[in-house]
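Undergrad: There's a structure below that I have some questions on.
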Amino acid sequence: MATTTTAPVTRRRRIDFGAPIVYLVALIIISATVVPVAYIVINGFRTTKQLNEAPAGWPDPWTFSTYGRVLFGQDTLFWSQAGNSTVVALGTTLGVVIFGVMAAFVIARYEFKARNLLYALFTAGLLFPISVAILPLSIMLKTLGLNGSVFGLIIPQVAFALPTTIIILVPFLRAIPKELEDAALIDGTSRIGFFWRILLPLSGPGLVTVGVLAFVNSWNAYLLPLFVLGAGGAGQSNYTLPLGVQQFSTQYSSDTAGVLAFTSLAMIPALLFFTLAERRIVGGLTGAVKG
Amino acid sequence: MSSKHLRKRLEIGFFAGPALLFYVALVIFPIVLAAVYSVFRWDGLGPLLDPTCIEAYAANGSLGPNYCNRFVGIENYTRAFADPVFLGAIGHNFLILGLSLLIQGPLAIGLALLLNRKMRGRALLRLLIFIPYVLSEVVAGLAWKLLLMPNAGFDTFLDVLGWKGDKPNWLADPDIVMWTMFLILTWKYVGFAVILMLAGLQGVPEELSEAAQIDGASWWQTQRHITLPLLGPTIRIWAFLSIIGSLQLFDMVWVTTKGGPNFSSATMATYLVEIGSSRQQIGYGTAVAVILFVISLIIALVYQRFALNRDLEGATTGKGR
């Protein structure tokens with residue numbers, strides 16, 4: 001017992017020395033990130049009257065009716081808006097993964113003249129933020145009759161997610177050994193057969209990473225829905241969650257408890273999804289950065 | 001032989017075609033359109049060119065100024081640069097940019113260096129530190145709007161810390177609102193930076209620091225001369241993402257203040273949306289979009305040329321690997 005505890009201490013003195021500070025810093029960071037979120041969630045259990053009397057305080061008594069009203073009230077829009085967000089995010093993810101991996105396949109494994117140009121064109125897309133394109137884009141979508149519909153969100157989001165997707169996937173697909181491809185070709189498989197039967201299964205982790213990134217970005221998107229749904233004249237039941245929660249907070253600003261509860265509930269899907277896919281998101285972001 | 005060649009071409013078209021089509025039609029084309037619209041005075045509703053103008057052109061072979069008053073040349077651009085509100089917005093973008101690099105960066109590096117060791121609850125810590133980043137800017141912004149209401153959570157927290165007396169009106173005071181905005185943005189994004197730095201630190205071989213310590217280097221010397229230089233690529237990429245993000249800042253500002261009070265927290269993007277959407281001045285709005293784009297592009301290219309060159313090995317020019 002004594003040897004196991006002292007051995008690492010003598011070998012690494014500095015950890016022993018720095019540990020309390022490290023844990024203190026860790027504690028401060030955790031409080032700074034978690035407390036604001038907890039504050040919103042907990043205050044959703046107070047009534048607006050309590051909130052007006054004392055803006056900050058502990059629920060006394062705990063009131064569940066506000067959450068109940070936002071979740072199950074007759075005219076609640078939470079579920080339809082969460083549903084819209086899900087449909088849009090799934091559609092975007094599906095589109096960007098399919099088209100992205102196809103294009104990345106060509107860039108990674110075909111030899112042709114325009115290849116570098118194609119790659120450069122897509123990577124340059126990192127510098128084209130949607131805010132630069134938004135005014136012409138929204139006019140285009142209106143002309144095409146896509147304003148107010150989920151496709152008016154999905155289609156542009158796929159297009160704007162392609163650069164990141166392709167940049168992450170190209171090195172991934174390149175890393176698959178050439179010998180595998182040669183062997184498949186010798187066995188009589190076509191390039192397309194190689195793509196379907198060998199490359200796609202092998203690139204599963206990469207596809208999950210770009211898929212998760214596309215999903216999260218779509219889920220959190222605000223500017224495009226603001227134009228396509230908000231200015232596009234869609235009813236509030238067709239809004240996505242970020243747009244819906246913002247609308248709710250403006251429309252019912254005097255209902256502070258309701259705003260707190262709606263905001264808390266809007267946090268939950270992202271937090272849930274994140275806990276499930278944390279490794280993928282972190283891996284994807286750091287992978288994207290290492291490019 | 002040539003049928004094989006044709007087949008290859010067809011395959012390339014089949015695989016890359018859809019992505020290219022989407023990308024050109026919905027990313028490149030609107031940006032080109034933005035450049036075109038930016039030289040017109042246009043509300044986005046009628047035709048871009050006055051029909052009488054086109055007729056006059058057909059008849060006279062020239063664009064008479066009286067017929068073509070929707071075409072205004074660079075007027076939208078000169079208007080933008082003469083508008084103190086827009087210049088203020090550019091200033092706000094650069095304020096956030098500068099503060100992010102000077103404060104968020106060192107803060108994140110420091111935290112990452114501290115946390116880069118085997119400790120209990122490390123996995124949980126990494127999970128929690130990332131929470132603000134996964135929340136959408138809208139939800140995070142609304143949450144902070146509620147927290148920053150007078151006498152609400154944040155003020156109470158300051159009371160506990162010992163701040164006696166009146167607190168500023170965090171989001172409504174023109175002199176303070178940008179600093180508040182930076183505080184919220186730091187809360188939202190510093191975790192992301194820390195996670196990036198921690199990932200970068202995993203690529204720094206432990207043997208190097210150990211060797212340095214055996215040679216008698218202090219903890220600080222080891223970090224300064226071994227870890228930090230090897231973390232360089234990660235820091236430079238983070239800085240790039242931070243710069244681009246600061247220049248394009250929109251969601252957080254729009255949700256918390258809409259750029260107010262009295263444009264004191266406007267950014268280029270909120271100004272653009274305000275002009276283009278609320279006031280229906282598409283021509284002027286797109287001119288602002290083009291300016292935003294050109295500023296981002298110049299900074300990105302300069303940054304890439306001088307800072308990112310060795311890291312990316314020319315990835316954006318297509319020569320990488």
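Undergrad: Show me the helices (runs of 4 or more DSSP H) entirely contained within the range A:56-129 in which 2 or more residues are closer than 30 Å to A:Pro171 by Cβ, within 13 Å of chain B (Cβ to nearest Cβ) and under 22 Å from the mean Cα position of the chain (by Cα).
TA: A:78-109, A:115-124
Undergrad: Report the residue count in the range B:97-138 for those that are charged (D, E, K, R) and more than 7 Å from chain A (Cβ to nearest Cβ).
TA: Quick first cut of the range B:97-138, residues charged (D, E, K, R) only: B:117-118, B:120, B:122, B:126, B:137.
Now drop any that are not more than 7 Å from chain A (Cβ to nearest Cβ), which leaves B:118, B:120, B:122, B:126.
Looking only at that region, the number is 4.
Undergrad: Report, ordered by the first and then the second residue, all pairs with beta carbons closer than 6 Å, sequence separation of six or more or different chains, a first member in the range A:146-165 that is away from every other protein chain (no Cβ under 12 Å), and a second member that is crowded, with 19+ Cβ neighbours inside 10 Å.
TA: Pairs that qualify, where the first residue is away from every other protein chain (no Cβ under 12 Å) and the partner is crowded, with 19+ Cβ neighbours inside 10 Å, are A:Asn147/A:Leu141; A:Asn147/A:Val228; A:Asn147/A:Gly232; A:Gly148/A:Gly232; A:Gly148/A:Ala234; A:Val150/A:Val88.
Undergrad: Take the residues of the range A:84-105 that are under 18 Å from B:Pro18 (Cβ atoms) and among the aliphatic types (A, V, I, L, M): which is surrounded by the most Cβ atoms within 10 Å (Cβ to Cβ)?
TA: Looking at residues that are under 18 Å from B:Pro18 (Cβ atoms) and among the aliphatic types (A, V, I, L, M), I get A:Ala104.
Undergrad: While we're here: Within the range B:145-164, identify whether any single residue is within 17 Å of A:Leu260 (Cβ to Cβ), part of a helix (DSSP H, G or I), at pLDDT 85 or above and of a type outside the set (A, V, I, L, M, F, W, C), and answer yes or no.
TA: Yes, there is a match, as at least one residue in the range B:145-164 is within 17 Å of A:Leu260 (Cβ to Cβ), part of a helix (DSSP H, G or I), at pLDDT 85 or above and of a type outside the set (A, V, I, L, M, F, W, C).
Undergrad: Determine whether the range A:167-174 contains at least one residue that is in a helix (DSSP H, G or I), touching a helix residue (DSSP H, G or I) at 6+ places or on another chain (Cβ under 8 Å) and free of Cβ contacts under 8 Å to residues at least 60 places away in the same chain.
TA: no
Undergrad: Hey, among B:Ile184, B:Ile176, B:Ile195, B:Ile214, which residue is buried (at least 20 other Cβ atoms within 10 Å of the Cβ) and farther than 30 Å from B:Phe306 by Cα? It would help to see each step written out before you state the result.
TA: Numbers: B:Ile176 fails: buried (at least 20 other Cβ atoms within 10 Å of the Cβ); B:Ile195 fails: farther than 30 Å from B:Phe306 by Cα; B:Ile214 fails: buried (at least 20 other Cβ atoms within 10 Å of the Cβ).
Just a single option satisfies the conditions, and that option is B:Ile184.
Undergrad: Filter the range B:264-287 down to the residues that are surrounded by 24 or more Cβ atoms within 10 Å (Cβ to Cβ), in contact with a Pro (Cβ under 9 Å, 6 or more places away or on another chain) and either closer than 21 Å to B:Asp175 by Cα or modelled with pLDDT of 95 or more (or both) and list them by number.
TA: Scanning the range B:264-287 gives B:Ser265, B:Ala269.
Undergrad: Another question, then. Residue by residue through the range A:226-240, note down the ones that are closer than 16 Å to B:Trp254 by Cβ and touching a residue at least 40 places away in the same chain (Cβ under 8 Å). First the steps, then the outcome.
TA: Residues of the range A:226-240 closer than 16 Å to B:Trp254 by Cβ: A:226-231, A:239-240.
If the condition is that a residue be closer than 16 Å to B:Trp254 by Cβ and touching a residue at least 40 places away in the same chain (Cβ under 8 Å), then A:Phe227, A:Val228, A:Leu229, A:Ala231, A:Tyr239, A:Thr240 are the ones that fit.
Undergrad: Right, another one. Checking A:Ser190 against (1) surrounded by 21 or more Cβ atoms within 10 Å (Cβ to Cβ); (2) more than 26 Å from B:Ser38 (Cα to Cα); (3) hydroxyl-bearing (Ser, Thr, Tyr); (4) within 9 Å of another protein chain (Cβ to nearest Cβ), which test does it fail?
TA: In the conditions (1) surrounded by 21 or more Cβ atoms within 10 Å (Cβ to Cβ); (2) more than 26 Å from B:Ser38 (Cα to Cα); (3) hydroxyl-bearing (Ser, Thr, Tyr); (4) within 9 Å of another protein chain (Cβ to nearest Cβ), A:Ser190 misses (1) alone.
Undergrad: Could you tell me which numbered condition B:Gly260 fails, if it satisfies all but one of (1) within 22 Å of the chain's Cα centre (by Cα); (2) within 11 Å of chain A (Cβ to nearest Cβ)?
TA: Status for B:Gly260: all satisfied but (2).
Undergrad: Take B:Ala19 and decide whether it is of a type outside the set (Ser, Thr, Tyr), in contact with a Gly (Cβ under 8 Å, 6 or more places away or on another chain), surrounded by 12 or more Cβ atoms within 10 Å (Cβ to Cβ) and at pLDDT 90 or above. Spell out the reasoning first.
TA: Details: of a type outside the set (Ser, Thr, Tyr): yes; in contact with a Gly (Cβ under 8 Å, 6 or more places away or on another chain): yes; surrounded by 12 or more Cβ atoms within 10 Å (Cβ to Cβ): yes; at pLDDT 90 or above: yes.
Yes; evaluated as a whole, the condition is true for this residue.
Undergrad: Quick one: which residue in A:Gln246, A:Gln251 is at the interface with chain B (Cβ under 9 Å from one of its Cβ atoms), of a type outside the set (Phe, Trp, Tyr), out of contact with any Lys or Arg (no Cβ under 8 Å at 6 or more places or on another chain) and free of Cβ contacts under 8 Å to residues at least 60 places away in the same chain?
TA: Only one candidate passes the filter, namely A:Gln246.
The values are calculated or read from the model by the stated rules, or taken from the named source; none is laboratory data. In this text, all values refer to a predicted model and were calculated from it rather than measured experimentally. Virtual Cβ from ideal backbone geometry, glycine too; neighbours counted across all protein chains shown.
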